[in-house]
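The values are calculated or read from the model by the stated rules, or taken from the named source; none is laboratory data. Since the model is a prediction, treat every value here as computed from it, not as a measurement. All Cβ positions, even for glycine, are placed from backbone atoms using ideal geometry, and neighbour counts span all protein chains on display.
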């Protein structure tokens, strides 16, 4: 991630007057505080939560993951699942396994995936490649539609499938995992960070079977194991909540916010090109203006709103026209209209002051 | 780690008749269950525990680490501290920064450090090197004595200082951090895994100041951040416990077990060369017998006791005489004498059946 962007976001995080449309955080009110409070004391009495554990993770957590994947058509044994320290560690492990390879990521993708690929010496590209990184179910910011599924599978490339948002389409449609149709070349990545709680840092990786042992050894070398405390907290949480009902509530919450943000964009900033989101946490805004999107972020912050500048989503040094991501997931519903008004003001100020000329 | 050893240990973990002298786990009865139970419900109400956080970690945890280091003579700002997912992630991050370098580790060292170095393309060696990995305070299995401190500092090499056991010398002497005397070339690694609770997976890294930004970016690419839930649990735990009193209790517990195990070794297996431990969790047993220490592990397990075979501690393919590590930290005090009786039986059986000839 561009350190200048990080620095600006850090400064914004200390300000209470900034409406947060950056960052991809889940809604605070959806975090399972009460359910965690109800089960967590028991977790502190569990040896598996406090002692060292095996690198592949807690067997109940792995069984739950395998059951949910099986229900969607990807029938695997829990032994195939490796619990990771968030989906990010899963991406980092895959990146290390694909070191030296070229990974097609599309025009704009999840910045931390780009970071993971770069750190491991894998090369993200917009072009053709040995592997393909896809984010099914929702665009973040520009994902692969279910309609593209045949194309993705036909390519024959290794697939890095990041299902962070796969169960968060607003229409509730959850696609069959790509791994079910290309098991020997799919690296299946999942997480509870968007659906339940990012602070626990629990994600998972299902590598191709023939790569399992190598990946598990790499996971162990990376951090021995994911927090047993977090894993047991999740296992107990899953005993007391209805996960599908939790997903349904989350979809409803995010769909309402998406509609609010998208409507506000159409009203207040019709010059920005956007598509109505079908799921996930964010909207991608494109323009024909060329320029420095860092300056746009600065102007936005001066106007009391944050955004994610487009260049952090793009592989390499592509100088595409200015674009940015707006997240509707975290800011309260009631702030979204005002947030977009500020975005519109910032955008016009950016264009008027020649922000587009500073590169 | 040798997968054959892992497989044997996994099978042993399912057996209740095996006295566990392998593994380096802290004593179950020292895990802070009651204190965690007392604070943990409040943690579930804390946004910082459940939401995404910054990659460097919680500021209270970093302030606590910096305060303790300052009290020992290494005065740094909390901003220098990076909270990691256990000390293992700290070692993995250092290894990545030292990729391509040769790291001197001594004759026998912590196996997961060897794994981290290898995974990142750093080369562990017994010989001279660009960097040196040391485990002050206690041998695991063969560490660097405080008496060697001048030698270590004089070498001018980069220092990877793993302080996992630094505060667990039985005499309570805690050396000044090596980083205080070589701040520009010391990678300081610490953890609560041996003193409080490994399941939380909280460790830390203080890189040389000029490498901080690069390491923090690498940490973020690795897993975004260490579990906020674990970090906040630790922060609250530190509010209610007396950490120095906790250390004193731990030293007393481990000193008693060490004396018990060492005494039993002298009584039941005087043919094994050992040194009375001055701290830490384990005793290193050396012999003049050459052979396959995996066969020794198999015979030990058949006799109802586990051990860590020496070859997993050694860099490269050094064919040194058979050695092994015995941990006194985890098995209950009352089992240690019987555990060593079984070790003695297994050793004699190994020698008698020509176990030393199977390589």
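Annotations
- Options B:174, B:144, B:161: the member that is surrounded by fewer than 24 Cβ atoms within 10 Å (Cβ to Cβ), at pLDDT 95 or above and not in a helix (DSSP H, G or I): B:161
- The lone exception for residue B:82 - which of (1) within 20 Å of residue A:201 (Cβ to Cβ); (2) more than 22 Å from the chain's Cα centre (by Cα) it fails: (2)
- Scope region B:187-204; condition more than 12 Å from chain A (Cβ to nearest Cβ) and surrounded by 24 or more Cβ atoms within 10 Å (Cβ to Cβ); matching residues: B:187, B:188, B:189, B:190, B:204
- Evaluation of residue B:79 against the conditions (1) part of a helix (DSSP H, G or I); (2) touching a strand residue (DSSP E or B) at 6+ places or on another chain (Cβ under 6 Å) shows that the sole unmet condition is (2).
- The residue that is farthest from residue B:36 (Cα to Cα), among those in region A:12-29 that are modelled with pLDDT of 90 or more and surrounded by fewer than 17 Cβ atoms within 10 Å (Cβ to Cβ), is A:17.
- Residue check, residue B:100 over 22 Å from residue B:229 (Cα atoms) and more than 23 Å from the chain's Cα centre (by Cα): yes
- When B:331, B:320, B:300 are screened for being crowded, with 24+ Cβ neighbours inside 10 Å and assigned to a loop (DSSP other than H, G, I, E, B), only B:331 passes.
- Options A:209, A:179, A:264, A:250; residue that is away from chain B (no Cβ under 14 Å), within 30 Å of residue A:157 (Cβ to Cβ) and surrounded by 19 or more Cβ atoms within 10 Å (Cβ to Cβ): A:179
- Residue B:218 part of a helix (DSSP H, G or I), in contact with a helix residue (DSSP H, G or I) (Cβ under 8 Å, 6 or more places away or on another chain) and more than 14 Å from chain A (Cβ to nearest Cβ): no
- Flag for residue B:7 being in contact with a strand residue (DSSP E or B) (Cβ under 7 Å, 6 or more places away or on another chain), farther than 30 Å from residue B:173 by Cβ and within 12 Å of chain A (Cβ to nearest Cβ): no
- Evaluation of residue B:74 against (1) more than 14 Å from chain A (Cβ to nearest Cβ); (2) outside any helix (DSSP H, G or I); (3) within 19 Å of residue B:251 (Cα to Cα); (4) modelled with pLDDT of 95 or more (one fails), failing number: (3)
- Taken over region A:30-50, the criterion of being modelled with pLDDT under 95 and more than 7 Å from chain B (Cβ to nearest Cβ) is satisfied by A:46, A:48.
- Options A:23, A:53; residue that is at the interface with chain B (Cβ under 8 Å from one of its Cβ atoms), assigned to a loop (DSSP other than H, G, I, E, B) and within 19 Å of residue A:219 (Cα to Cα): A:53
- Region B:225-247, residues that are part of a helix (DSSP H, G or I), surrounded by fewer than 15 Cβ atoms within 10 Å (Cβ to Cβ) and away from every other protein chain (no Cβ under 14 Å): B:239, B:244, B:245
- In region B:195-214, the qualifying residues are those that are within 13 Å of the chain's Cα centre (by Cα) and not in a loop (DSSP other than H, G, I, E, B), and the one that is nearest to residue B:178 (Cα to Cα) is B:203.
- Any hit, region A:95-112, residues being at the interface with chain B (Cβ under 10 Å from one of its Cβ atoms) and out of contact with any helix residue (DSSP H, G or I) (no Cβ under 8 Å at 6 or more places or on another chain): no
- Count of region A:1-20 residues which are touching a helix residue (DSSP H, G or I) at 6+ places or on another chain (Cβ under 9 Å), assigned to a loop (DSSP other than H, G, I, E, B) and closer than 16 Å to residue A:304 by Cβ: 3
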